[in-house]
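Following: one structure in structure tokens, then a few remarks.
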Amino acid sequence: MSRSSVFGAVATYGGLTAFGVLAVFPLLWIITVSLQEAGGATLGIQIPIPPTLDSYVEALTRLPLLTFLRNSLLITTAATIGTVLSSSVVGFSLARLRWPGRDAMFGLVVATTLMPYVVTLVPSFVMFKWLGWLNTFLPLIVPAWFGNAFYVFLLRQFMRSLPVEMDEAARVDGASNLTIYWRIVLPLSGPVLAAVAIFGFLHYWTDFLAPSIYLSSVESYTLPLGIVMYQGRYGNQWNLVMAASMFVVVPVLVLFLSAQRYFIRGVQLTGLAGR
């Protein structure tokens, strides 16, 4: 191995290690602070000796954190399922079916990704107020069942890579478009469906803006809103704030670590990895 290649490998792995440390540092800081007793948080990572779980117990008793957790789980689960199903149906139509204006419609769908969320915020609020959905979970769940342009793009790109001969053979056997979608295309789209599900889960689980607009009662708050409430009431007790924050972080870590293989493969197969 030449000297230049050795230097390149050292620089690459050194840079990756530095970025890894920077990425992990906030998580380690949250964990160490949450294990401390009541008091100010240190700037560095300092593991308390002995560590204590009193902050977690106190965080659960001072505010209805379990209620916030239940609300977040309900909204995230329903919205993620709706996103995956609706986006996959639209992606299947744009990728596997032939109908007039299909390509123009796909361009229009992709163009909507350039529209900021705040542009439609006021009309959406007025519509949901007219429907009587304010302070309910419906404004946070129902829109997810009408597809997402970015996820439609991912699914369409993947489904276009599947052999068209499978559809033709299924139609010869009398299969309908719905049967082809449900029994042929979806089972073969597992990696990209997993990627979309993870993207959707992260979005709905950590979303703060939409719940803060549509939810007004404490009993309907999600975890991000509950964390802000903790910070407002106990901002000088960082051990409590960080203990409450771990209830948001842990499910995300568990989901990604358990499904990272499918997530990375799905991103690669849809072309977002830069291959």
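The values are calculated or read from the model by the stated rules, or taken from the named source; none is laboratory data. Because the structure is predicted, anything quoted here is derived from the model rather than measured. When we count neighbours, we look across all protein chains shown, and the Cβ atoms used for this are built from the backbone with ideal geometry, even at glycine.
Below are the figures for this structure:
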quantity	calculated
Residue, modelled with the lowest pLDDT, within region 228-248, restricted to residues that are over 15 Å from Leu35 (Cα atoms) and among the hydrophobic types (A, V, I, L, M, F, W, C)	Met229
Filter result (more than 12 Å from Ala149 (Cα to Cα) and not hydrophobic (A, V, I, L, M, F, W, C)) within region 78-89	Thr80, Gly82
Residue identified as in a helix (DSSP H, G or I), assigned by TED's automatic domain parsing to the domain that holds Leu188 and closer than 20 Å to Val192 by Cβ among Arg70, Arg156	Arg156
Flag for Val250 being in the same structural domain as Gly82 (by TED's automatic domain parsing), among the β-branched types (Val, Ile, Thr) and in contact (Cβ under 8 Å) with a residue 12 or more places away in the chain	no
Considering residues of region 90-137 that are surrounded by 10 or more Cβ atoms within 10 Å (Cβ to Cβ) and of a type in the set (D, E, K, R) only, the residue nearest to Ala149 (Cα to Cα)	Arg102
Complete set of residues in region 195-241 that are closer than 21 Å to Leu253 by Cα and assigned to a loop (DSSP other than H, G, I, E, B)	Asp207, Phe208, Thr222
Region 173-194, residues that are assigned to a helix (DSSP H, G or I), within 20 Å of the chain's Cα centre (by Cα) and crowded, with 18+ Cβ neighbours inside 10 Å	Pro191, Val192, Leu193, Ala194
Scope region 41-67; condition in a helix (DSSP H, G or I) and at pLDDT below 80; matching residues	none
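Matching residues to (1) modelled with pLDDT under 90; (2) surrounded by 13 or more Cβ atoms within 10 Å (Cβ to Cβ); (3) among the basic types (Lys, Arg):
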position	(1), (2), (3)
Glu165	no, no, no
Arg171	no, yes, yes
Val196	no, yes, no
Thr206	no, yes, no
Pro211	no, yes, no
Leu215	no, yes, no
Leu225	no, yes, no
